[in-house]
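Q: Pasting a structure here, questions to come.
The values are calculated or read from the model by the stated rules, or taken from the named source; none is laboratory data. Since this is a predicted model, take the numbers as computed values, not measurements. All Cβ positions, even for glycine, are placed from backbone atoms using ideal geometry, and neighbour counts span all protein chains on display. Please note that ligands, DNA and RNA were not included when accessible areas were found on the heavy atoms of the full protein model with its side chains. Shrake-Rupley method; radii C 1.70, N 1.55, O 1.52, S 1.80 Å.
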Amino acid sequence: DVLSDWGETEKFVMDGDSLLSFVLKEQGVDWSSGGQFLHLAFGVERFLHSLIARGALFSVAFFDLHAKLWAASHPSMLFARSLIISHLEKCVPHNVKVAKFESPFSEDWTDFLSEFQPALACIADSPPG
């Protein structure tokens, strides 16, 4: 449990594609027949809400470069990914920033890290889907 190890007051950044991959695998979202968009959105919201309820200080970052990984394994996830990004940008509390970057090598990402100063980054240890 990251929050127990690092404490709820340490800022962290979560890779949005890793979040989607986690929800697909851990929350039982079946994407084999083209997807369950509402189930995916609910799983993402539920997971983020559990972090917010514990007082976690975090941001969610999506990288355009990672969209290609979804296109290769689950093309309909490309659409779902766009929906989730748009949904989160409008629906998460204001203290949680949802940001998009071209790649982890972009200047915007570097600027974001300098400004937000996270203690750690949460990323998946396996490819999407």
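Q: Quick one: count up the residues across the stretch 69-96 that are of a type in the set (S, T, N, Q) and in contact (Cβ under 8 Å) with a residue 12 or more places away in the chain.
A: Of the residues in that region, 3 qualify.
Q: Of the residues that sit in the stretch 83-120 and are small (Gly, Ala, Ser) and surrounded by fewer than 14 Cβ atoms within 10 Å (Cβ to Cβ), which one is nearest to the chain's Cα centre (by Cα)?
A: Across the stretch 83-120, the extreme among qualifying residues is Ser86.
Q: Next up: May I ask you to list pairs of residues, at least six apart or on different chains, whose Cβ atoms are under 9 Å apart, with the first in the stretch 97-120 being touching a residue at least 12 places away in the same chain (Cβ under 8 Å) and within 15 Å of Asp64 (Cα to Cα) and the second being part of a loop (DSSP other than H, G, I, E, B) and not polar (S, T, N, Q)?
A: What qualifies is Val98/Val92; Trp109/Glu102.
Q: May I pose another question? Any residue at all in the stretch 33-56 that is under 18 Å from Leu113 (Cα atoms), of a type in the set (D, E, K, R) and surrounded by 14 or more Cβ atoms within 10 Å (Cβ to Cβ)?
A: No.
Q: Further question: Could you check the stretch 1-120 for helices (runs of 4 or more DSSP H) lying wholly inside it with 2 or more residues that are at pLDDT 95 or above?
A: Of the helices (runs of 4 or more DSSP H) lying wholly inside the stretch 1-120, those with at least 2 residues that are at pLDDT 95 or above span 107-116.
Q: Return a yes/no flag: does the stretch 57-68 have any residue that is hydroxyl-bearing (Ser, Thr, Tyr), touching a residue at least 40 places away in the same chain (Cβ under 8 Å) and open to solvent by less than 40 Å² (accessible area, probe 1.4 Å).
A: Checking the stretch 57-68: at least one residue is hydroxyl-bearing (Ser, Thr, Tyr), touching a residue at least 40 places away in the same chain (Cβ under 8 Å) and open to solvent by less than 40 Å² (accessible area, probe 1.4 Å).
Q: Still on this structure, I have one more. Condition (residue is aromatic (Phe, Trp, Tyr) and out of contact with any Pro (no Cβ under 6 Å at 6 or more places or on another chain)) applied to the stretch 45-59: is it met by at least one residue? Explain how you work it out, then say what you get.
A: Residues of the stretch 45-59 that are aromatic (Phe, Trp, Tyr), as a first pass: 47, 58.
Filter again for out of contact with any Pro (no Cβ under 6 Å at 6 or more places or on another chain), leaving 47, 58.
Yes, because at least one residue in the stretch 45-59 is aromatic (Phe, Trp, Tyr) and out of contact with any Pro (no Cβ under 6 Å at 6 or more places or on another chain).
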